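A short reminder: the numbers here are calculations on the coordinates, not readings from a lab. As the structure is a prediction and not an experimental result, all values here were calculated from the model. Cβ sites come from the backbone with ideal geometry, for glycine too, and all protein chains shown count toward neighbours.
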Amino acid sequence: MAQPRFRPLRVTAYTVCTAAGIGRAATLTALDQRLSGLTRNDFGPSPLATWIGRVPGLEQCALPAQWAEWECRNNRLAWCGLVADDFADAVAAARERYGAERIAVVIGTSTASIGASEDAYRRLDPDGRYPADLRRPIVHTPHSLGDFVQHALALRGIALTVATACSSSAKVFGQAERLIRVGLADAAVVGGVDTLCGSTLFGFNSLELIASERCRPFDVARHGINIGEAAGFALLERGAEAGAWLLGYGESSDAHHMSAPHPEGVGARRAVQDALESAQLTPASIDYINLHGTASLKNDEVEARLVADLFPSRTFASSTKGWTGHTLGAAGIVEAAISLIALDNGLLPGTLNTEQLDPACGPQIRRENEQRRVQRALSFSFGFGGSNCVLALGRGDVG
Amino acid sequence: MSALQSVGERELAELIVTALNLEGVAPADIDPEAALFKTGLGLDSIDALELALEISKRYGFQLRSDDENNLRIFRSLRSLAAHIERNRTT
Amino acid sequence: MSALPRVAIEGVAFWHTRLPGWAVARAVICGEQDAPATSAPRPTPSLLAPTERRRAPDTVALALEVAARACEAANRPPAQLRSVFASTYGDLGISDYMCATLAGTPTLISPTKFHNSVHNAAAGYWTIGTSSHAPYTAISAYRYTFASAVLEAATQVACDGQPVVCVAFDVESTGPLGTVAPSRGLLGVALVLAPAHGESHRALTLRVEQGNAVDITAARSPAAPLVAENALAPCLPFFEVLAHSKPGNATLALSDHCLLHAQMS
């Protein structure tokens, strides 16, 4: 039997919450006015000297009482994302159209709620057990997030959590597209949520990947990443009549090293080429690329060469991690959302905080913003463990 | 130079084998003059970070990854043991 | 209700501390022999280069063992296969280590343990060990993890017409985390699924339907009490059908309101 062919899907609703802003309008303002969301690290009992992308006020927004079983920072931020931009309402309307069992939930994360376990270990009871307020098993598993989102949206179909480090919430687009393509779902809620926690801050610190100052992607003087937290969601539908487009995607593995990218970007190049092919686009037809651009020495070097090799000079490419920090498991959805904001508003964000571009950069990588109507964008996510995912997004007519 | 390990070199060899889980390598068999990285024992950058961590825990001083002398310090068991001897606080 | 096209099950692998290998597991499930009396030591991930092999935690050793055995059984070179890796809890030993170290001396986190702590560590080591540029995913769905993994793998086969190796595993919990994330022993399973051509392999047809957890197939074989305390135990009814050479069905829970019906020829 012939396989069903990939067809573009509509993105009929989306939202993003980061340190730079809650919701699309606030994010657009921050991008337009070059207002970084990064702040000096004040997270946790003994904060590392670095900068972070912290979403303000999460400590004050407990989940509604009906979701108390899922209470933790990560699910609070998820809730924050679900109510932003009336996203949950858009899903409710889709639920009426398709049925609760026909909307899949495919959500990415790297942290899930590990922060809650970290907290528990600092407050163990005299028997060495978790304190009573944290004895909620659903929180202490990676699917804490996917399970919460499914319940919060009253959905009853397929639900799973994807955890492939920094590519997690880009890969969810592809996994959801395939579920829709084979008829297991008619629509899907995709997205990702990661929150600040000791594991990522001190973990990346042990690998000497954390910058002591604001991160500067592609800067000749860059010296590491800033960790950020974020939530983002998108509603994908087949056959809707309005919205932006998921035009295609490409996925690959580097097969090189757990914590360093392939030096020639072999996997990344393949993912770019597969994304273009699935979207039936050429490099010349790409107006904007949201780069992975973490400000780590190695990622940016490999990525800069890849962009210079594959794309013409007119392609506008930038990293937006100077606004949000590296949101790890949420980076895919955050940067897809920023790409959609760029397409929707004709605003191409440059690369914030960066002062002098590394000589490895070609003419494509930009520091300053630009106003220009654009139609086709790519978003790059290259993760730990060599997992690469590139999304092709668009607005307007699809040929 | 002697191919036999000093007491300090033996202790460091045991730390390396344990910290990096070097299967099938007996600490006593590590040639003190042989390369630790790339060739010889074939350690990589993650191993360097792991070793720096274990050394700081055992000997009470920080090995800095931006020390311009690192290539020399980390070259061999002997050079690393000598550096520890000069800097240890425990 | 919706169904996927039939896929072929080209290779099966199974590894549990008391059932170390599919041959043993199958024989115990079918009542042909008793389980070995003693626990087997964790498998050695022989396809990893020495540098990766010495760093591999239990989850990686286990996952790579079953992935490799399934590919061998399917006679498929691993490098060409897309892969789905799945675990309810990931590496519980490392999670315990991370939380304990963060509570005491956070600046002394082991870089090796941190880079092994990501949920996709096994998948990463697999692609490195097999030099595979094929994409992988790493998923989790709590007690529905195995069912979700099989469905994801079969979906990929249906979309791309290419074989996929599906790997699921859970290990033993340690420390305080074990009181909220309980799991005993090591349990890993793997399947190579491919487009169904002809009758040379058992075929698997998956259907998704709304339904209740009361309707899932219970594990009934002598293997059931052995694996019951591992977090991946919900996979066993599927393997109990596979162990017998006649057609059979197993119903697994896919989410709180959703069932996965697996029909095997």
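In this structure, the pairs whose alpha-carbon distance is over 30 Å, taken from A:Lys298/B:Lys38; A:Lys321/B:Lys38; A:Lys171/B:Lys57; A:Lys171/C:Lys246, are A:Lys321/B:Lys38; A:Lys171/B:Lys57; A:Lys171/C:Lys246. For the options B:Ile73, B:Ile46, B:Ile30, a Gaussian network treatment of chain B with springs between C-alpha atoms closer than 10 Å singles out B:Ile46 as fluctuating the most.
Per-residue ellipticity at 222 nm from helix content only, as computed over chain B with -39500 (n - 2.57) for each DSSP H run of at least four residues, stands at -14500 deg cm²/dmol.
Scanning residues 5 or more positions from A:His223 or on other chains, those with amide H under 5 Å from its amide H are A:Arg216, with H placed 1.01 Å from N in the peptide plane. Springs join every pair of Cα atoms under 10 Å in this Gaussian network model of chain C, and among C:Val157, C:Val214, C:Val189 the largest mean-square fluctuation is at C:Val214. Rounded to the nearest 500, the 222 nm mean residue ellipticity of chain A from helices alone is -9000 deg cm²/dmol, with -39,500 (n - 2.57) taken per DSSP H run of at least 4 residues. Think of it as helices only: each DSSP H run of n ≥ 4 in chain C is worth -39500 (n - 2.57), and spread over all residues that comes to -9500 deg cm²/dmol at 222 nm.
Hey, what angle do you get for helix C:58-74 against the long axis of chain C, alpha-carbon based, 0 to 90 degrees rounded to 10? Around 30 degrees separate the two axes. Of C:Cys99, C:Cys159, C:Cys71, the residue with the greatest mean-square motion in the GNM of chain C, using alpha carbon springs below 10 Å, is C:Cys159.
Highest mean packing comes first when the peptides A:375-386, A:19-30, A:54-65 are listed by Cβ atoms within 10 Å, giving A:375-386, A:19-30, A:54-65. Taking every residue in C:139-149 and counting other chain Cβ atoms within 10 Å of its Cβ, the average works out to 6. Charging the Cβ of each Asp and Glu at -1 and of each Lys and Arg at +1, and nothing else, the dipole of the stretch B:7-87 about its Cα centre rounds to 220 debye. Note on the stretch C:218-265 and the stretch A:15-82: Cα centroid distance 41 Å, given to the nearest whole angstrom.
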